[in-house]
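Asker: Just passing along the structure, written as C-alpha cells.
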Amino acid sequence: MSNNEFLRPEAKIRVVIPNPSNDPVGSEKVFYTNFYKDHTDDSPEGSRLSLIKRARPLIETLEEGEWVLDVGAGRQILEKEYLQNYPAPKAKILTFDIADLKSEQLLAEDKENVFHIRGNGARLPFPDESISLAISNMAFDFMPKKARSELFRVTKPGASILFNLHHSSLVSTQNINSIEEHMRKLSRKIFMHGDRQTPKVTSLKKEHKMAGDILIHRDYLKKSKKLSDCEEQVRQTFQRFEIQKVALGQNINGTWWEVDMKKPLSTR
Ligand SMILES: C[S@@+](CC[C@H](N)C(=O)[O-])C[C@H]1O[C@@H](n2cnc3c(N)ncnc32)[C@H](O)[C@@H]1O
C-alpha cells in the first residue's frame, strides 16, 4: 500500500513525511540502506517469535481505527511472519524505519493492513497519543536518545510497549572467532605478497562480509554506549515508562533483552 493511500482522510492519522535533508543521522540512513542492499539478514528468528507471542494477545484486542507502531521495522519481516500465521488484525500496523527501502524490498506492505513510512525514530511524524501499541525488534537501541521522548509522546496513556533490544554481546562468540580467524588468514596472505595494507572487510568472503559489517557496527554501538549489558541499564533507559518485565532471550544467533512496559496512565 502506498504512502498516498496512508494519507487518505479515513486513515485517521496525519503523517508528516520527514525531509531527509534535515535528518541528523543521515549517515545511519546510508548505512542501513546499504545494509539492506547487500544483505537480507534481519534479526534472530527467536527474537521475532518471542515478540509476536507477546504482542499477539494485545493486537487482537485492538479495534478498527487503532494503530500499532513498529519502530525500526526493517523489511517488515515480523509483520510478514505475523500475517502468515494469524488473522489480519482490525487495527492497522505502521512500520517505520530509517533505511530507504524500495517497495519491492518490503515484505508485508502489499497487505491491506500494513503501511510503511521512512524516517528517523528521533522525530516520529505522528500526533501526540496516537499509537495504541508500540513494538520494536532489535532496533530501538540503535536510535538516538531523543527516540525515547518521541515514543513517550506518540503513545496513548496506558499503551503497551513491547521491545527487544540487543544485548552487548550482539554477535555470538562463535561468529566473532570465525571472522577473526578469516581476517588473520587474509592478512597473512596479503603480507606474504608484500602488500602491507590492512585487509578491508570488502575483500572478505560474502558470508564473512556480512558478519564483518555487523562487527564494525557493533564496535560503533559499543563506543557510543548504545548496547546494554545489565538489567539496570535497560531499566534506566526506560525510566519514564512502567516496566512490567525485563528478561534475557537467547538462541544460537544471539542474545537480546525483552522489555515489556506501559506508558503510565497519568503522565503528570
Ligand atoms: C537489526 S535491524 C532490525 C529490523 C527489524 N526490526 C527486524 O526485526 O528484523 C535494526 C533496524 O533499525 C533501524 N534503525 C536504526 N536506527 C534507526 C533510526 N534512528 N530510526 C529508525 N530506524 C532505525 C535500521 O534501519 C534497521 O532496519
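The values are calculated or read from the model by the stated rules, or taken from the named source; none is laboratory data. All of these numbers come straight from a predicted model, not from anything done at the bench. All Cβ positions, glycine included, derive from the backbone under ideal geometry; neighbour counts span all protein chains shown.
Asker: Cβ-Cβ under 6 Å, sequence separation 6+ or interchain: first residue in segment 124-143 and touching a residue at least 60 places away in the same chain (Cβ under 8 Å), partner of a type in the set (S, T, N, Q) and outside any strand (DSSP E or B). Which pairs?
Answerer: These pairs meet every condition: 137/43; 137/47; 138/43; 138/47.
Asker: Shifting gears a bit: Suppose we filter 144, 127 for residues that are part of a loop (DSSP other than H, G, I, E, B), out of contact with any helix residue (DSSP H, G or I) (no Cβ under 6 Å at 6 or more places or on another chain) and away from the ligand (no atom under 15 Å from the Cβ); which single one remains? Lay out the reasoning, then the answer.
Answerer: Details: 144 fails: away from the ligand (no atom under 15 Å from the Cβ).
Being part of a loop (DSSP other than H, G, I, E, B), out of contact with any helix residue (DSSP H, G or I) (no Cβ under 6 Å at 6 or more places or on another chain) and away from the ligand (no atom under 15 Å from the Cβ) holds for just one of 144, 127, which is 127.
Asker: Examine segment 46-68 for a residue that is within 7 Å of the ligand (Cβ to nearest atom) and part of a loop (DSSP other than H, G, I, E, B), and state whether such a residue exists.
Answerer: no
Asker: How many residues does segment 130-141 contain that are in a loop (DSSP other than H, G, I, E, B) and either touching a Leu at 6+ places or on another chain (Cβ under 6 Å) or small (Gly, Ala, Ser) (or both)? First the steps, then the outcome.
Answerer: Going residue by residue through segment 130-141, those that are in a loop (DSSP other than H, G, I, E, B) are 130, 138-139.
Remaining after also requiring either touching a Leu at 6+ places or on another chain (Cβ under 6 Å) or small (Gly, Ala, Ser) (or both): 130, 139.
Within segment 130-141, residues that are in a loop (DSSP other than H, G, I, E, B) and either touching a Leu at 6+ places or on another chain (Cβ under 6 Å) or small (Gly, Ala, Ser) (or both) number 2.
Asker: Please enumerate the residues belonging to segment 72-100 that are crowded, with 22+ Cβ neighbours inside 10 Å, in contact (Cβ under 8 Å) with a residue 60 or more places away in the chain and in a loop (DSSP other than H, G, I, E, B).
Answerer: Listed by number, the residues that qualify are 72, 73, 74, 98.
Asker: While we're on this one: Among (1) touching a residue at least 60 places away in the same chain (Cβ under 8 Å); (2) within 11 Å of the ligand (Cβ to nearest atom), there is one condition residue 115 misses while meeting the rest; what is its number?
Answerer: (2)
Asker: Turning to a different aspect of this structure: Which one is modelled with the highest pLDDT among residues in segment 147-198 that are within 16 Å of the ligand (Cβ to nearest atom) and assigned to a loop (DSSP other than H, G, I, E, B)?
Answerer: The residue in question is 168.
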